[in-house]
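Engineer: Sharing a structure below in structure tokens format, with a few things to ask.
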Amino acid sequence: MTIDIPEVAEVRSLLEELGEGALIARLDSFVALNEGLESKKGEDFIKVSILGFLEGITTTLMMKYPGDERVARLHERVRARRAELDELFRKPAMRNLQ
């Protein structure tokens with residue numbers, strides 16, 4: 001089953017524009033591997049995993065292309081979405097420890 005994460009297509013498109021063929025291959029491989037784990041881990045967990053990978057790719061692109069606003073904007077969107085979904089897996093703070 002294919003998991004719908006629009007950021008995957010956006011990052012892939014940007015990688016194509018930048019001529020980063022090796023990273024496209026890594027992205028495709030990582031997504032395929034994680035989609036295979038969906039039945040065991042759950043869709044939201046897989047989304048967080050893939051978004052974390054995308055965040056790593058865009059962080060690397062920001063270092064390689066420091067002046068490229070497309071990279072910076074996409075990185076910020078990916079980071080925010082991953083952080084939002086990541087909250088689903090955080091354990092609530094114990095009140096007696098605060």
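Computed from the coordinates by the stated procedures, all read-outs in this text should not be read as laboratory data. Since the model is a prediction, treat every value here as computed from it, not as a measurement. All Cβ positions, glycine included, derive from the backbone under ideal geometry; neighbour counts span all protein chains shown.
Engineer: Can you tell me the relative contact order of the chain? Whole percent, Cα pairs under 8 Å, sequence separation 6 or more.
Structural biologist: Once divided by the residue count of the chain, the mean separation gives 27 percent.
Engineer: So, R0 is 25 Å and r is the distance between the beta-carbons of ARG70 and SER29; what FRET efficiency does that work out to, to 0.05? Don't skip to the end; give the middle numbers.
Structural biologist: Working: r = 24 Å, r/R0 = 0.94.
It comes out at approximately 0.60.
Engineer: Same structure again: Anyone know which of ALA80, ALA32, ALA22 comes out most mobile in the 10 Å Cα GNM of the chain?
Structural biologist: Taking springs between Cα atoms under 10 Å, the residue moving most is ALA22.
Engineer: At 222 nm, what value in deg cm²/dmol follows for the chain if DSSP H runs of at least 4 each add -39500 (n - 2.57) and the sum is divided by all its residues, to the nearest 500?
Structural biologist: On the way: 5 runs with 73 residues, N = 98.
Helices in the chain give a 222 nm mean residue ellipticity of -24000 deg cm²/dmol.
Engineer: Any idea what diffusion coefficient the range 6-87 gets from Stokes-Einstein, in µm²/s, Kirkwood Rh on alpha carbon pairs, 10 °C, 1.306 mPa s?
Structural biologist: The diffusion coefficient I find is 123 µm²/s.
Engineer: Please give the helix 6-18 orientation as an angle from the longest Cα principal axis of the chain, in degrees from 0 to 90, rounded to the nearest 10.
Structural biologist: Taking the Cα atoms of the chain, the angle to 6-18 is about 30 degrees.
Engineer: In the chain, what trypsin sites (Lys or Arg not before Pro) fall in a loop by DSSP, with at most 12 other Cβ atoms inside 10 Å?
Structural biologist: Qualifying residues, ordered by number: ARG90.
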